[in-house]
Amino acid sequence: MTSALDATAALRGPRREGAAPVAREPAPTPDVPRRIRLGMPQLDGAGLSENWLFRHAGALQWEAIGQRLGVPSDELRDETGARLYPTVVAVRARYDAGLAAHRENDGLDFSVEVVPCGRACAHGRIVAANRSGGVNGPARLLTLDVLTTFAARGAGGLRTTHLAPALGRAWTPPEPSTLPEPAISRLARAARRGERVEDAISGVALATLGPALGEVTYEPSPYADYNGAGLLYFASYVTIADTATRQILRRRAGETSVQRDWALATSPVRRDVYYYDNLPLGAALRASLRLAERDETGLVTHVRLSRADDGRPMADVIARRQDVS
């Protein structure tokens, strides 16, 4: 199973599985980019919050899926009437500038495009443009490719399934001859199977999976790390991985080190996350730093998240961070 996008805005309390959907029209999605002015909720101690960025991108993708199908998000059902949730399979994020470059009162214009890439799969591209340099200056783009599947709750957790027939007819993937399989789909499948990942950064990181440089055990918080569906939120994987990396690198540098804090000295410009499993509330996970390779402009890190009890892999979180002057 994989982590789930946040559906809290669409949850309207408990409802009997299999009950007939209530006929409601989803609110229209704006045709123009949505602008958000950055303030404290969107920022963290190192600049633009990547956790918030992932959360917002996930919400936009789920909203767009509902719009394409013509139903509110909490009315998405499979053929048995079970409620469907979007589960994140992979995210590829590319930032023109490090997240530290985005400041308070900058405006981000968001656009989203989501298309079917299988009967139970969606590929979304969410782009945010920061035009704080002026209308005539180049925009700094933040681009996130998000791959999700539809899943319903089962006795053993989430299970991937298809839309109910009436909805499935509106979710028709394009012919392969007209639109090739998205790169993120091929990469996610290879990562899940343990096959070679054809990517300049992720491929190298996953191929050099050696002994851990350090490990951190953590029990995620129900108040900060889980979403309204009771699932470890896909954005939390990134925050947990970065928090663990910071702790491990500080530990390796020594307690007497006077180096600048890693969180402030580097800033993400690229992030690849491959999701494999979720985590029950109250369970602990283990974050293992498998790679921290530096070059002349920054470093690449790879964190493997796994369940603490049985070692089952939950995700590979790979980042390219550039130095901040």
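Read-outs throughout are calculated quantities, based only on the coordinates presented, and are distinct from any laboratory measurement. Quantities reported herein were computed from a predicted structural model and do not represent experimental measurements. Note that each Cβ is placed from the backbone with ideal geometry, even for glycine, and that neighbours are counted across all protein chains shown.
Take the alpha carbon gyration tensor of the stretch 151-295, find the square roots of its eigenvalues, order them as a ≥ b ≥ c, and report rounded if a/c is under 1.5; if not, report prolate when a/b exceeds b/c, else oblate.
Details: a/c = 2.49, a/b = 1.52, b/c = 1.63.
Note, shape of the stretch 151-295 comes out oblate.
Give the distance, in whole Å, between the Cα centre of the stretch 183-231 and the Cα centre of the stretch 90-161.
18 Å
Rounded to the nearest 0.05, what FRET efficiency do ARG312 and GLU104 give with R0 = 35 Å and r taken as the Cβ-Cβ distance? Could you check?
0.30
Using the count of nearby Cβ atoms within 10 Å as a rough guide to exposure, how do ARG193, ARG68 rank from fewest to most? Walk me through the numbers before you get to the answer.
On the way: ARG193 9, ARG68 17.
If I rank by nearby Cβ atoms, fewest first, I get ARG193, ARG68.
Order by neighbour count: SER49, SER185, SER132, fewest other Cβ atoms within 10 Å first, most last. Could the numbers behind the result be given before it?
Details: SER49 21, SER185 18, SER132 15.
Least crowded to most crowded, the residues run SER132, SER185, SER49.
Alpha carbons only, please: Rg and Dmax for the stretch 217-325, in angstrom.
Cα radius of gyration and Dmax of the stretch 217-325 are 14.4, 43 Å respectively.
Suppose every Lys and Arg Cβ carries +1 and every Asp and Glu Cβ carries -1, with no other charges. What dipole size does the chain come out with about its Cα centre, to the nearest 20 debye? Please report the intermediate quantities before stating the final value.
On the way: 41 positive and 37 negative charges, 45 e Å.
So the magnitude is around 220 debye.
Go ahead and estimate [θ] at 222 nm for the chain from helices alone: -39,500 (n - 2.57) per DSSP H run with n ≥ 4, summed, over the residue count, rounded to 500.
Dividing the helical sum by the residues of the chain leaves -6000 deg cm²/dmol.
Please list the three semi-axes, largest first and in whole Å, of the ellipsoid equivalent to the chain, using sqrt of 5 times the eigenvalues of its alpha carbon gyration tensor.
Working: eigenvalues 206, 114, 71 Å².
Values for the chain, descending: 32, 24, 19 Å.
I need TRP262, TRP62 ordered by Cβ neighbour count within 10 Å, fewest first. Could the numbers behind the result be given before it?
Values: TRP262 20, TRP62 25.
Lowest to highest Cβ neighbour count: TRP262, TRP62.
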